[in-house]
Amino acid sequence: MNQVKEYRKLMEELEEKLQTKELDVQILEAKVQSLEQQTQHLEMVAQTYKDEFTSLSDEHNKMKRAVQTTVKELAAFII
(Lines give C-alpha, C1' and ligand atoms only; values in the text may rest on other atoms or scores of the structure.)
Protein backbone atom coordinates (compact mmCIF):
# COMPACT_ATOMS: atom_id res chain seq x y z
CA MET A 1 0.00 0.00 0.00
CA ASN A 2 2.81 2.34 0.89
CA GLN A 3 4.55 1.52 -2.36
CA VAL A 4 1.42 2.39 -4.33
CA LYS A 5 1.26 5.84 -2.67
CA GLU A 6 4.95 6.41 -3.38
CA TYR A 7 4.45 5.30 -6.97
CA ARG A 8 1.48 7.67 -7.41
CA LYS A 9 3.42 10.53 -5.85
CA LEU A 10 6.36 9.82 -8.13
CA MET A 11 4.05 9.69 -11.15
CA GLU A 12 2.48 13.04 -10.17
CA GLU A 13 5.93 14.61 -9.83
CA LEU A 14 6.96 13.26 -13.19
CA GLU A 15 3.74 14.53 -14.76
CA GLU A 16 4.36 18.01 -13.33
CA LYS A 17 7.92 17.98 -14.65
CA LEU A 18 6.67 16.86 -18.04
CA GLN A 19 4.13 19.68 -18.15
CA THR A 20 6.83 22.16 -17.18
CA LYS A 21 9.09 20.85 -19.93
CA GLU A 22 6.25 21.05 -22.45
CA LEU A 23 5.70 24.69 -21.48
CA ASP A 24 9.43 25.33 -21.85
CA VAL A 25 9.31 23.79 -25.32
CA GLN A 26 6.31 25.93 -26.29
CA ILE A 27 8.07 29.06 -25.07
CA LEU A 28 11.21 28.16 -27.01
CA GLU A 29 9.17 27.42 -30.14
CA ALA A 30 7.51 30.83 -29.85
CA LYS A 31 10.92 32.48 -29.48
CA VAL A 32 12.24 30.61 -32.52
CA GLN A 33 9.22 31.70 -34.55
CA SER A 34 9.73 35.30 -33.45
CA LEU A 35 13.41 35.16 -34.39
CA GLU A 36 12.55 33.67 -37.78
CA GLN A 37 10.10 36.53 -38.42
CA GLN A 38 12.72 39.08 -37.38
CA THR A 39 15.24 37.41 -39.66
CA GLN A 40 12.83 37.57 -42.59
CA HIS A 41 12.15 41.24 -41.87
CA LEU A 42 15.85 42.06 -41.67
CA GLU A 43 16.53 40.16 -44.89
CA MET A 44 13.84 42.21 -46.62
CA VAL A 45 15.29 45.44 -45.23
CA ALA A 46 18.79 44.39 -46.31
CA GLN A 47 17.53 43.65 -49.83
CA THR A 48 15.82 47.05 -49.95
CA TYR A 49 19.05 48.79 -48.95
CA LYS A 50 21.01 46.72 -51.44
CA ASP A 51 18.60 47.65 -54.24
CA GLU A 52 18.72 51.32 -53.23
CA PHE A 53 22.51 51.27 -53.11
CA THR A 54 22.67 49.66 -56.56
CA SER A 55 20.27 52.27 -57.92
CA LEU A 56 22.29 55.12 -56.41
CA SER A 57 25.51 53.61 -57.72
CA ASP A 58 24.05 53.38 -61.22
CA GLU A 59 22.83 56.96 -61.01
CA HIS A 60 26.24 58.09 -59.77
CA ASN A 61 27.95 56.37 -62.69
CA LYS A 62 25.55 57.98 -65.19
CA MET A 63 26.17 61.40 -63.69
CA LYS A 64 29.92 60.81 -63.74
CA ARG A 65 29.81 59.89 -67.44
CA ALA A 66 27.65 62.92 -68.17
CA VAL A 67 30.13 65.21 -66.42
CA GLN A 68 33.03 63.62 -68.30
CA THR A 69 31.20 64.12 -71.60
CA THR A 70 30.41 67.71 -70.73
CA VAL A 71 34.04 68.40 -69.78
CA LYS A 72 35.24 66.86 -73.05
CA GLU A 73 32.74 68.94 -75.04
CA LEU A 74 33.80 72.11 -73.24
CA ALA A 75 37.46 71.29 -73.77
CA ALA A 76 36.82 70.70 -77.47
CA PHE A 77 34.85 73.96 -77.72
CA ILE A 78 37.60 75.96 -75.98
CA ILE A 79 40.38 74.45 -78.07
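The values are calculated or read from the model by the stated rules, or taken from the named source; none is laboratory data. Please read all numbers here as calculations on a predicted model, not as lab measurements. Using ideal geometry, Cβ is built from the backbone for each residue, glycine included, and neighbour counts are taken over all protein chains shown. The accessibility values were calculated without ligands, DNA or RNA, using every heavy atom of the protein model including side chains. Shrake-Rupley method; radii C 1.70, N 1.55, O 1.52, S 1.80 Å.
By how many degrees, between 0 and 90 and to the nearest 10, does the Cα long axis of helix 2-78 differ from the longest principal axis of the chain?
For 2-78 against the chain, the angle is about 0 degrees.
Please report the base-10 log of the normalised intensity I(q)/I(0) for the chain, using a Debye sum with one equal scatterer per alpha carbon and no solvent, at each q in 0.22 (1/Å).
Once normalised to I(0) and log-transformed, intensities are -0.98.
Which FRET efficiency value, to the nearest 0.05, is calculated for Val71 and Lys50 with the Förster distance at 30 angstrom and r the Cβ-Cβ distance?
Calculated value: 0.45.
Select from Gln38, Leu18, Ser57 the residue farthest towards the positive end of the dipole of the chain; place +1 on Cβ of Lys and Arg, -1 on Cβ of Asp and Glu, and compute about the Cα centre.
The residue sitting most towards the positive pole is Ser57.
Suppose accessible area is computed on protein heavy atoms with a 1.4 Å probe; arrange Met11, Met1 from highest to lowest.
Largest accessible area first, the residues go Met1, Met11.
Report the full-extension gain for the segment His60 to His41: residue separation times 0.36 nm, less the Cα-Cα distance, to one decimal in nm.
4.0 nm
Provide the per residue accessible area, probe 1.4 Å, for the range 19-79, rounded to a whole number of square angstrom.
Averaged over the residues of the range 19-79, the accessible area is 97 Å².
Placing +1 at every Lys and Arg Cβ and -1 at every Asp and Glu Cβ, with all other atoms neutral, what dipole size does the chain have around its Cα centre, in debye to the nearest 20?
Taking the Cα centre of the chain as origin, the dipole is about 440 debye.
Per the 1.4 Å probe, what fraction of the accessible area of the range 25-79, in percent, lies on carbon and sulfur atoms?
Heavy-atom surface of the range 25-79 belonging to carbon and sulfur, 1.4 Å probe: 63 percent.
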